[in-house]
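Following: one structure in structure tokens, then a few remarks.
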Amino acid sequence: MIVAVIDGQGGGIGSEIIKGLRQELIPGLELLALGTNSTATSRMMKAGANRGATGENAIIRTCLKADVIIGPLAIIISNSMMGEVTPKMTEALCSSAARKILIPLTQENVQIIGASQEPLPHLVARAVKEIKEI
């Protein structure tokens, strides 16, 4: 199973996701770190991703090959993360046949009614459990 972990800015959420997935030792799991910038990609690679790539084209091309795409909610909001997430990225992500697992944390002017206000470690644990069940 190919899991694309997408993050931007400092890559903190993506690196926590990768650490959580690596701890579960899921057989046949290939983790791809896709950063909107090199800092995010680097941090996710240090967390244990198999491969990594940076930027708009890498994200657009790789999300076509992924079975699962996971990251913060902002990855599907055009121009989010201070402009790091481009409209082309969000179109490719949302159009991908991959299952999307989104962590409901965002600094954008978006509120998800009904989403829990749990801390990041709890949200990552729930996301890891979801991927493990796939």
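Bear in mind that the values in this text are calculations on the coordinates, not laboratory data. Source: prediction; values computed, not measured. FYI the Cβ positions are ideal-geometry reconstructions off the backbone, even for glycines, and counts take in every protein chain you see.
For this structure, a couple of remarks:
- Taking the number of Cβ atoms within 10 Å of each Cβ as an exposure proxy, the fewest-first ranking of LEU34, LEU123 is LEU123, LEU34.
- Two-site FRET efficiency, LEU120 against ASN57, from Cβ-Cβ distance with R₀ of 22 Å, rounded to 0.05: 0.15
- Net lengthening on full extension, LYS46/SER95 (0.36 nm per residue, minus Cα-Cα): 14.7 nm
- Whole-Hz Karplus values for the stretch 69-82 come out as 10, 9, x, x, 3, 4, 5, 10, 10, 4, 6, 6, 6, 6 Hz, taken residue by residue from phi with 6.51 cos²θ - 1.76 cosθ + 1.60 and θ = phi - 60°; glycine and proline positions read x.
- Once Rg and the Kirkwood radius are both taken over the C-alpha atoms of the stretch 2-133, their ratio Rg/Rh works out to 0.92.
- Computed [θ] at 222 nm, deg cm²/dmol, the chain (DSSP H ≥ 4; -39,500 (n - 2.57); rounded to nearest 500): -12000 deg cm²/dmol
- The chain: relative contact order in percent, alpha carbon pairs under 8 Å with at least 6 residues between: 25
- Once both labels are positioned 7 Å from their Cα atoms along Cα-to-Cβ, the gap between ILE112 and ILE26 label points is 1.7 nm.
- Taking 7 Å steps out from each Cα toward its Cβ at GLU130 and MET1 produces label points 1.2 nm apart.
- At full extension, SER38 and LYS19 could sit 5.0 nm farther apart than now, given 0.36 nm per residue minus the alpha carbon distance.
- Within the listed set ALA58, ALA74, ALA115, the residue fluctuating most in the Gaussian network model of the chain (springs between alpha-carbon atoms under 10 angstrom) is ALA115.
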